[in-house]
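The values are calculated or read from the model by the stated rules, or taken from the named source; none is laboratory data. Just so you know, these numbers come straight off a predicted model, no measurement behind them. No Cβ is skipped: glycine too gets one built from the backbone with ideal geometry, and neighbour counts run over all protein chains shown.
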Amino acid sequence: MTTDLDLAELGQQFRVDAVRATSHAASGHATSSMSAADLMAVLMARHLRYDFDWPDHPGNDHLILSKGHASPLLYAAWKAAGAITDEELLTFREHGSRLEGHPTPRLPWVDVATGSLGQGLPVGVGIALAGRRLDALPYRVWVLCGDSELAEGSNWEAFEHAGYERLANLTLLVDVNRLGQRGPTRHEWDLDAYARRAAAFGWHTIEVDGHDTAAIDAACTEAAGVTDRPTAILARTRKGRGVRAVEDQEGAHGKPVPDADEAIAELGGERSLTVEVAKPAATTAPRQPHGVHTELPTWSPGEEVATRNAYGEALAALGDGRQDVVALDGEVSDSTRSGFFAERHPDRFFECYIAEQELVATAVGMQIRGRTPFASTFAAFLTRAHDFVRMAAVSRASLNLAGSHAGVAIGEDGPSQMGLEDLAMFRSVHGSTVLYPCDANQTARLVAAMADGTGIRYLRTSRGAAPVLYGPDEEFPVGGSKLLRSSDEDRLTVVAAGVTVHEALAAADDLAADGIRVRVLDLYSVKPVDAHALLEAAEATGCLLTVEDHRPEGGLGDAVLDAFTDGRPVPRLVRLAVTTMPGSAKPAEQLREAGIDAAAIAAAVRRQLDEPATA
């Protein structure tokens, strides 16, 4: 902690360095950095506990700049702390620089990528929740956000979650600078409006002049003394503070100041103040799994088991041997079957209620603290959290997501509950893994594989029971597939996953009775796809027919097509997918209506074999 530093001068230094960095880059958010400079100065000099030489110190505080566009302020603060040099500061936004326009974890002091507004606080809640219920460590979570982003519903999911959990180790500093990108914010400088809303969710609130460093210091001290709820410090600031040409002026957002030299002179010139950020107390890091063997549940071939049940049982078993595994759910754990984990490991189960953005954000926060999260809800509802999934990939996050009740096969509940776009959504995420098992043993093995994976891993599970096809010792590597029917007489390959595997097998049996042999490939790994197996099937049979309980755009059919984008000849491809708008009906009726049941597959095969190869 730096006690003898002039905090107002430090704030001015941060403003000058924000002006310098953005002007050198000829782009960037100078004015948004300048408004929050005094908040950052007080935090760095008096309240943050952080070892910049040991970013993974288990006792480090967490500082999340939710208003990620104000990254010049963050980089200026790190320069003062000695983490980066002035030379590196001036590489801001340059090709190859670590100092990107919005901060990402390619920098060791960044927990999570920000810039898509409304995400810093939700992730901070996850980190704080881990500190309160799992780590039992005294670290504090500080989130600096802007007033504009408080229009995001995700923030209010976070406010409610933090208030309900009484996360006293969480402090939010709101830079209420009145101006958004194109003009005034909804509430402008009405701190009372924000305070009423935060208080309604159970938060302690403090209203301050955001340019009065003594008042900010006192507010942060007060927040640390509140032990039964989170605190929101609402700071009234002026955008572009200290430079007349841009201070509280519309039209200056996202731009360097008009005249950098004049602005720097007006701010009192360049400074070279340094901040000795206090280090955290010595702590013991949570134990990480190493060589843990999990006794997975098994089922006998022929048993009728829903893959969602297998997911829940496998997840609970995984929790038996691995203390790092945590489960989160969006108030449907009785349906997703993550409730099985909750019964066995209640201390590591987190109910996020019907707030899917906060569900995924909490999982992101948990993995920052070294946990292995599995977050579950209906596949359809994960679409609400797509931006959080997208930003989790930008954050280099490692987490597992499970979507149940996929496809028309769920039956009578109808289209609002049917995940029909989820495969496309998750396939589009950078570095993702997408898995769609068809039976219980396959599901359990894939759950275990997910726990040791990297990046964003998605598992699609089904509502209805299905016969177990594979033995308990079968292996299912990510990126693999299983050939379930094959012969030298195969005339076509049916490629399926999940529920359609069973339909494909029934169709193959029906066709075989008429002397028509087809190959059946279980493509349980939708991404990465088993390109080798698909190429072999194409060479052997000349035609691939994909069948999926999903929309035709972006799902299994497109995954198969992607295996043939290397320039070699593309085989004849046929797709069966859900192209209708379903209503309510029994599962078998839904599959028939969508044209993806055994009869539809057999009919499609017969059509293809009756048509000339050049048709």
Would region 76-88 turn up any residue that is surrounded by fewer than 23 Cβ atoms within 10 Å (Cβ to Cβ), in contact with a Ser or Thr (Cβ under 6 Å, 6 or more places away or on another chain), in a loop (DSSP other than H, G, I, E, B) and not polar (S, T, N, Q)?
no
Look at Gly403 and say whether it is surrounded by fewer than 24 Cβ atoms within 10 Å (Cβ to Cβ) and closer than 16 Å to Asp549 by Cβ.
no
For region 46-69: of the residues being within 24 Å of Met34 (Cβ to Cβ) and of a type in the set (Phe, Trp, Tyr), which is surrounded by the most Cβ atoms within 10 Å (Cβ to Cβ)?
Tyr50
Kindly evaluate Thr500 against the criterion of being within 27 Å of Ala380 (Cβ to Cβ), touching a residue at least 12 places away in the same chain (Cβ under 8 Å), assigned by TED's automatic domain parsing to the domain that holds Ser338 and of a type outside the set (A, V, I, L, M).
no
Only one of Val42, Val19 that is crowded, with 24+ Cβ neighbours inside 10 Å, touching a residue at least 40 places away in the same chain (Cβ under 8 Å), among the hydrophobic types (A, V, I, L, M, F, W, C) and closer than 21 Å to Arg236 by Cβ:
Val42
Hey, does region 366-375 have a residue that's of a type in the set (A, V, I, L, M, F, W, C) and either more than 21 Å from the chain's Cα centre (by Cα) or over 20 Å from Ala128 (Cα atoms) (or both)?
no
Thr205 - would you say it is among the hydroxyl-bearing types (Ser, Thr, Tyr), free of Cβ contacts under 8 Å to residues at least 40 places away in the same chain, touching a helix residue (DSSP H, G or I) at 6+ places or on another chain (Cβ under 7 Å) and buried (at least 17 other Cβ atoms within 10 Å of the Cβ)?
yes
Could you name every one of the helices (runs of 4 or more DSSP H) located completely within region 4-63 that has at least 3 residues being more than 17 Å from Ala252 (Cα to Cα) and hydrophobic (A, V, I, L, M, F, W, C)?
7-25, 37-42
Condition broken by Gly163, with the remaining ones in (1) more than 26 Å from the chain's Cα centre (by Cα); (2) surrounded by fewer than 22 Cβ atoms within 10 Å (Cβ to Cβ); (3) not acidic (Asp, Glu) satisfied:
(1)
Pick from region 419-472, criterion among the aromatic types (Phe, Trp, Tyr) and farther than 14 Å from Val499 by Cα, ranking: surrounded by the fewest Cβ atoms within 10 Å (Cβ to Cβ)
Tyr470
Within region 116-136, of all residues that are at pLDDT 95 or above and part of a loop (DSSP other than H, G, I, E, B), the one nearest to Ala281 (Cα to Cα) is Gln119
Output the helices (runs of 4 or more DSSP H) that fall wholly within region 254-349 and possess 1 or more residues being closer than 30 Å to Ser32 by Cβ and not basic (Lys, Arg), or say none.
260-266
One residue is enough: does region 337-354 have a residue meeting the conditions under 20 Å from Gln417 (Cα atoms), over 19 Å from the mean Cα position of the chain (by Cα), buried (at least 23 other Cβ atoms within 10 Å of the Cβ) and not aliphatic (A, V, I, L, M)?
yes
